1. I'm checking my understanding of the structure. Among residues of the stretch 253-290 that are among the β-branched types (Val, Ile, Thr) and away from ligand 1 (no atom under 16 Å from the Cβ), which one is farthest from LEU231 (Cα to Cα)?
2. Looking only at the stretch 104-145, how many residues end up being of a type outside the set (D, E, K, R), touching a residue at least 24 places away in the same chain (Cβ under 8 Å) and either within 16 Å of ligand 2 (Cβ to nearest atom) or within 27 Å of LYS194 (Cβ to Cβ) (or both)?
3. Given the conditions (1) surrounded by 15 or more Cβ atoms within 10 Å (Cβ to Cβ); (2) at pLDDT below 95, report the number of the one that PHE79 does not fulfil.
4. Given the structure, is LEU240 within 14 Å of ligand 1 (Cβ to nearest atom) and touching a residue at least 24 places away in the same chain (Cβ under 8 Å)?
5. Could you tell me whether GLY211 is modelled with pLDDT under 95 and of a type outside the set (S, T, N, Q)?
6. Spot the failing condition for SER130; the list is (1) under 26 Å from LEU388 (Cα atoms); (2) in contact with a Gly (Cβ under 8 Å, 6 or more places away or on another chain); (3) small (Gly, Ala, Ser), and only one is missed.
7. Take the residues in the stretch 334-345 that are surrounded by fewer than 23 Cβ atoms within 10 Å (Cβ to Cβ) and in contact (Cβ under 8 Å) with a residue 12 or more places away in the chain, then tell me which one is nearest to ligand 2 (Cβ to nearest atom).
Amino acid sequence: MLLTNAKIARLAKNDDFGLIEDGALAMKDGHIAWVGDAGDIPDDHRTSNTHDMEGRLITPALIDCHTHIVFGGNRAREFELRLTGASYEEIARAGGGIVSTVSATRAASEDDLLADALTRVDAMIAEGVSLIEVKSGYGLDRDTELKMLRVARAIASKRPIEVRTSFLGAHAVPPEYKGQPDAYIDDVCIPALKAAHGEGLVDAVDGFCEGIAFDTAQIGRVFEAAQNLGLPVKLHAEQLSNIGGTKLAADYGAMSADHLEYATSDDAQALKAAGSVAVLLPGAYYTLRETKAPPVQAFRDHGVPMALATDCNPGSSPLASLLLTMNMGCTLFRMTPLEVLLGTTTHAAQALGLSDRGQITPGARADLCVWNADHPAELAYRIGFNPLHARIIGGVL
Ligand code: DI6
Ligand code: FE
């Protein structure tokens, strides 16, 4: 297939979006075969299967590299409580928060969890998302953690979207282990990880390293288990306070450290040295009315790639719009439109350990978005407006 009369943001060159003003793009066997100026189309890429893009903008398809999109129920009631003064941490410590979603997720059938998740997945697909990462972590027992991961895998069989799973057993201490986080890690979390890995349900291992969740020693044990299974790690780190999660993640060569509001310049340096991506989640920052923004300038100074994701979850980020996330990255974190587009394409792929997509370059997967837009900065600029014209996944329009 050949696409002509397009403005193409290759992102393969980090200046000015790698923009080709009057471009063409050839695809073969699900991959990009050639991209360049309209005047330079090689003869062997000319085909009757040619589509005129009528001047529209083409970018790599979007990737949401951090979601908790599978969960039971919702937390609108908790939202109300926070509006009357209760804090996220107070609600969590009083047995609400993540633990209330755990009860709803345990009670839900696999079919119901899937149907509910698909409503959110459909919203993402409508905005040009081709790949989502999905975490477990609302089961906190073996069977429910596995159930969540099976539902996550099933999403890709029901919709034209790819899924990468992360095991997040170390998300919260369940009520039956209240006050015994170490016993939970050793007796439930690590055995559940091994069982889920045995069923081929796990692509990566995540944890929540926070005062209201697990400390670095506890997460370290989970990471040891991941390493023994040959699984890559990532971590929710420094979201509400700085307790050393970023440095722990870097020590284990994490693919990413996520949230990072309370990360320091030293943390940024550690991420750079480890080759980890900083995944920023403005939806959670916004919802919790956090006032400390992540150290974006330190990430720039140290050359740490920044990704951006929805963190779609029922508590701290009930957000299913990656376009709005990009707008928030600019408005709330002062990232540039180029940084937020790289953050939902090239760097999002990198945060999932994927190097075969997220840029428009020969050999990359032909996962593309066609937008009713003149310039890529428009994607982050508008609020609550979806300019998607078409999605091309694996070379299929
Ligand atoms: N950090 C988050 O933002 C989500 N999980 C986490 O570790 C919140 C999950 C929730 O509140 O349900
Ligand atoms: Fe999260």
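1. Here the answer is THR264.
2. Number of matching residues: 17.
3. The failed condition is (1).
4. Against the criterion (within 14 Å of ligand 1 (Cβ to nearest atom) and touching a residue at least 24 places away in the same chain (Cβ under 8 Å)), LEU240 qualifies.
5. Judged against the criteria, GLY211 is a match.
6. The failed condition is (2).
7. Here the answer is ARG334.
Conditions (1) out of contact with any Phe, Trp or Tyr (no Cβ under 6 Å at 6 or more places or on another chain); (2) in a loop (DSSP other than H, G, I, E, B); (3) among the hydroxyl-bearing types (Ser, Thr, Tyr); (4) under 26 Å from GLY275 (Cβ atoms), marked per residue:
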{"site": "LEU323", "(1), (2), (3), (4)": "yes, no, no, no"}
{"site": "MET335", "(1), (2), (3), (4)": "yes, yes, no, yes"}
{"site": "VAL340", "(1), (2), (3), (4)": "yes, no, no, yes"}
{"site": "HIS347", "(1), (2), (3), (4)": "yes, no, no, yes"}
{"site": "GLN359", "(1), (2), (3), (4)": "yes, yes, no, yes"}
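The values are calculated or read from the model by the stated rules, or taken from the named source; none is laboratory data. In this text, all values refer to a predicted model and were calculated from it rather than measured experimentally. Don't worry about glycine lacking a Cβ; one is built from the backbone with ideal geometry, like all the others, and counts go over all protein chains shown.
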